Each structure stands twice: as structure tokens, then as C-alpha cells.
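The values are calculated or read from the model by the stated rules, or taken from the named source; none is laboratory data. This is a predicted model, so every value here is computed, not measured. Backbone-built Cβ (ideal geometry, glycine too); neighbour counts: all protein chains shown. In case anyone asks, the SASA skips ligands and DNA or RNA and just uses the protein heavy atoms, side chains included. Shrake-Rupley method; radii C 1.70, N 1.55, O 1.52, S 1.80 Å.
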Amino acid sequence: MSNFFEVAKDMELEGKKFYEQLAKEAEVKELKGVFDFLALQEEVHYYAFSRMEGDEEVSIEERKDAIKKAKEIFSQIAPDFSAPPELSTAGETYKKALELEKGAVKYYTELLESASTDDQRDVVRQIIREEESHVQVLEALIDFVNRPNEYLEDAEFTHL
């Protein structure tokens, strides 16, 4: 089980660093906010796994607002948004982030039953839900960057 926590912590640190770099490079301040938010959630997950590894009591406040926050940001910037060339070529970077999140969901789901207590399983389930919301946000971001003007017209964000 200890190895599970090490891998999980490494995954969360990698995600945090990746999102911090994306935030640093973001040309659009609202997108910087999305990446800062994702980096913060990865950090919260890291500390949750650290506490579980030490058999400490752990709980994290569930953040159900990732998708809501993304909708708000996309709707704010969409009317006047024209993707700078750097942003429209960032699709591969965003796809890498998407794959990291999907990998985390898969890994945590496969090893969920390795958690030693019901409380730990509950926290891991919560982290899985948050990682799944990160997947949705990144999928929406990729769509948005590729076609910002049509995005808002597309059935009220059915992707999210």
C-alpha cells in the first residue's frame, strides 16, 4: 500500500508542476486562473495521500466547482476571444494534461480497494471525482481553444 501512496503523490506533484507551468505561460489571464485552480487541487490531493500514507486522519473539502468555474471563465472570454497563435498550438500540451488526469482516474480507481479504512476509501473516491472533473475541464478547454465562437452556441456546454 505504501508504494500506492508514493506513486499517487508523485502523480499529484507532477500534475501540480505541470499546471503551474501552464499558468506561468498562459497568455490569457482567465486561463491562468483555470491552471492555478487545477494546480491547487493537485496539491490538496498530494497532502491527502501523504496523510493517508502516515495513517493519519484525512479529510478534504470536496470542490464541486471546477466545472462551474470553467463554464464561467469560458463564457466570460468567449465573446471577444481570439486565440493567440501560441494558444492554438498549445493543444498538444493540453492533451498531455488530459492524459495525465485520465491516468490518475484509472490508477486511483484500480487501487481504490487497497485503501485500509473506509475513510481513506471515501477520500480516494472524492479525489477520483475531482480528477474526473479535471478531465471534463480539459476536454472543454481543448474544444474551446479550437473553436471559441461556436463553443458557447453548442447546446449550453453539453461537454461539461
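Find the helices (runs of 4 or more DSSP H) located wholly in segment 42-160 whose residues include 2 or more that are modelled with pLDDT under 80, open to solvent by less than 30 Å² (accessible area, probe 1.4 Å) and of a type outside the set (D, E, K, R), and list them.
Working: elements: 66-77, 85-88, 91-110, 118-146, 148-151.
Output list reads 66-77, 118-146, 148-151.
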Anything in segment 4-41 that is over 14 Å from His134 (Cβ atoms), open to solvent by 40 Å² or more (accessible area, probe 1.4 Å) and part of a helix (DSSP H, G or I)? List them, or say none. Glu6, Val7, Asp10, Leu13, Lys17, Glu20, Gln21, Lys24, Glu25, Lys29, Glu30, Lys32
